2 protein chains.
Amino acid sequence: MGIESFVGCGNFRLDQQLKFVAEIDKMTQIFRRTMLIDGSRRENDAEHSWHIAVMALLFSEHVKIKPDIGRVVKMLVVHDLIEIYAGDTFAFDVEANKSKAANEAAAADKLFSQLPAEQGAEIRSLWEEFDEMKTPDSIYANCMDRVQPFLHNTLTEGCTWKEGNVSRTKVEARLAVVKENMPELWKWLEINIQEAIKHGWIKDE
Amino acid sequence: MGIESFVGCGNFRLDQQLKFVAEIDKMTQIFRRTMLIDGSRRENDAEHSWHIAVMALLFSEHVKIKPDIGRVVKMLVVHDLIEIYAGDTFAFDVEANKSKAANEAAAADKLFSQLPAEQGAEIRSLWEEFDEMKTPDSIYANCMDRVQPFLHNTLTEGCTWKEGNVSRTKVEARLAVVKENMPELWKWLEINIQEAIKHGWIKDE
């Protein structure tokens with residue numbers, strides 16, 4: 001059972017690619033803070049990556065600088081892969097975020113070296129572009145990555161906001177990239193921040 | 001809790017898009033026959049869609065007619081959406097596959113009408129292109145969709161093959177599109193079909 005029972009075909013490169021596919025199935029075991037919308041359990045990284053990839057097909061009309069959607073979708077399906085080894089870091093956990101960059105770089109070394117060199121480099125560079133959040137594609141991708149857990153929170157009684165004792169200032173800081181680049185979507189976020197404060201899910205400070 | 005607590009911003013189109021995002025979170029509740037590689041449980045449609053979307057970034061060098069990877073990834077993240085209402089149909093269940101097309105068309109009507117018309121039509125046409133399996137993009141996408149459960153089966157002691165009492169003829173028919181279009185990958189499949197027969201996971205007939 002599992003990757004140790006893999007039988008290759010002797011084409012080293014193809015076998016390497018297939019083993020990588022088996023390895024990344026571990027994304028289904030990396031749990032995020034965010035709840036599924038039915039409230040049954042936390043979502044995992046595979047589900048989250050898929051969800052925001054579909055979102056990327058829907059919201060590009062609302063972003064100021066038009067992204068290349070196909071490229072954004074590629075970026076989003078790989079942007080959390082390094083969490084297989086680095087784990088998920090809760091966006092509002094200040095302490096954990098201090099060591100995040102170093103942990104994730106080490107995880108990236110370990111993960112992408114399992115692929116043929118140029119493929120590992122290509123996927124790593126998509127992840128790095130996402131993290132730097134400077135290009136139109138990565139700005140739009142980051143907006144999707146931030147709006148999705150917000151939407152889930154609004155529909156699950158502010159679950160992770162309450163658990164993290166989160167303030168309006170912190171939520172707004174996290175969403176600044178959306179405010180700047182997707183003003184129409186920001187209007188919806190603003191209304192729902194107010195709602196969340198009213199319900200006591202977000203602290204008004 | 002859930003979609004009924006959605007608070008809109010009055011922009012009908014944007015609210016519609018956001019509610020669609022919430023609706024498709026149900027993909028996490030649609031379970032396939034395929035086991036996760038650690039054998040812990042069946043995989044769901046969100047996980048499966050994500051997994052094959054990442055695969056599409058890795059194997060295009062092995063396919064005869066080069067696809068547009070960004071477009072394939074878009075196709076793969078939406079190709080199973082209609083299963084939210086139609087459910088998953090096991091590839092080797094002959095009876096269930098007779099009514100599959102009609103069920104799925106009805107599910108597509110229900111699902112895609114929840115989006116702004118031209119977005120619903122765009123995603124529906126990606127799904128239809130996938131299903132027809134005629135274009136280079138959809139041929140490559142289908143190869144990914146067929147190789148992934150095969151890989152999972154080889155690493156989970158032939159789980160769904162045994163459950164379905166599946167024969168070599170049926171497995172090969174399902175993989176014909178890979179044999180024809182990705183000969184290098186077919187070599188790996190062929191070796192692993194032989195292995196599976198040796199283990200008694202696939203019947204040699």
Problem set entry | Residue check for B:Glu95: within 14 Å of another protein chain (Cβ to nearest Cβ), assigned to a helix (DSSP H, G or I) and more than 13 Å from the chain's Cα centre (by Cα) | no
Seminar exercise, completed: Matching residues in region B:1-21 (under 31 Å from the mean Cα position of the chain (by Cα), closer than 22 Å to A:Lys198 by Cα and at pLDDT 95 or above) number 4
Exercise. Here are some conditions: (1) open to solvent by less than 40 Å² (accessible area, probe 1.4 Å); (2) more than 8 Å from chain B (Cβ to nearest Cβ). A:Phe12 meets all but one. Which one does it not meet?
Worked result: (1)
For this session: Those residues that are assigned to a helix (DSSP H, G or I) and open to solvent by 20 Å² or more (accessible area, probe 1.4 Å), I need them from region B:62-77; list them, please.
Result: B:His62, B:Ile69, B:Arg71, B:Lys74
Problem set entry | Lone unmet requirement of (1) closer than 27 Å to A:Asn165 by Cα; (2) open to solvent by less than 30 Å² (accessible area, probe 1.4 Å); (3) among the small types (Gly, Ala, Ser) for A:Ala53 | (1)
Seminar exercise, completed: By residue number, the members of region A:177-205 that are assigned to a helix (DSSP H, G or I) and open to solvent by 40 Å² or more (accessible area, probe 1.4 Å) are A:Lys179, A:Glu180, A:Pro183, A:Glu184, A:Lys187, A:Glu190, A:Ile191, A:Gln194, A:Glu195, A:Lys198, A:His199
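Just wondering, is there one or more residues in region B:111-131 that are out of contact with any strand residue (DSSP E or B) (no Cβ under 9 Å at 6 or more places or on another chain), in a helix (DSSP H, G or I) and closer than 30 Å to A:Met1 by Cα?
No, region B:111-131 contains no residue that is out of contact with any strand residue (DSSP E or B) (no Cβ under 9 Å at 6 or more places or on another chain), in a helix (DSSP H, G or I) and closer than 30 Å to A:Met1 by Cα.
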Problem set entry | Subset of region A:21-42 (residues that are out of contact with any Gly (no Cβ under 9 Å at 6 or more places or on another chain), surrounded by 15 or more Cβ atoms within 10 Å (Cβ to Cβ) and either within 7 Å of another protein chain (Cβ to nearest Cβ) or among the basic types (Lys, Arg) (or both)) | A:Val21, A:Ile24, A:Asp25, A:Lys26, A:Thr28, A:Arg32, A:Leu36, A:Arg42
For this session: Could you please give the count of residues in region B:117-158 that are within 12 Å of another protein chain (Cβ to nearest Cβ), among the hydrophobic types (A, V, I, L, M, F, W, C) and more than 23 Å from B:Arg33 (Cβ to Cβ)?
Result: 2
For this session: Search region A:43-65 for residues that are within 7 Å of chain B (Cβ to nearest Cβ) and pair each with any residue that is surrounded by 24 or more Cβ atoms within 10 Å (Cβ to Cβ) and of a type in the set (Gly, Ala, Ser) when their beta-carbon atoms are under 8 Å apart and the residues are at least 6 apart or on different chains.
Result: A:Ala46/B:Ala46; A:Glu47/B:Ala46; A:Trp50/B:Ala46; A:Trp50/B:Ser49; A:Trp50/B:Ala53; A:His51/B:Ala46; A:Ala53/B:Ala53
For this session: Select, from A:Glu132, A:Glu95, A:Glu128, A:Glu118, the only residue that is open to solvent by 20 Å² or more (accessible area, probe 1.4 Å) and closer than 30 Å to A:Lys198 by Cα.
Result: A:Glu95
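The values are calculated or read from the model by the stated rules, or taken from the named source; none is laboratory data. Keep in mind it's a predicted model, so treat the numbers as computed, not measured. Because the Cβ atoms are built from the backbone with ideal geometry, glycine has one as well, and the counts that use them run over all protein chains shown. Accessible surface areas use protein heavy atoms only, side chains included; no ligands, DNA or RNA. Shrake-Rupley method; radii C 1.70, N 1.55, O 1.52, S 1.80 Å.
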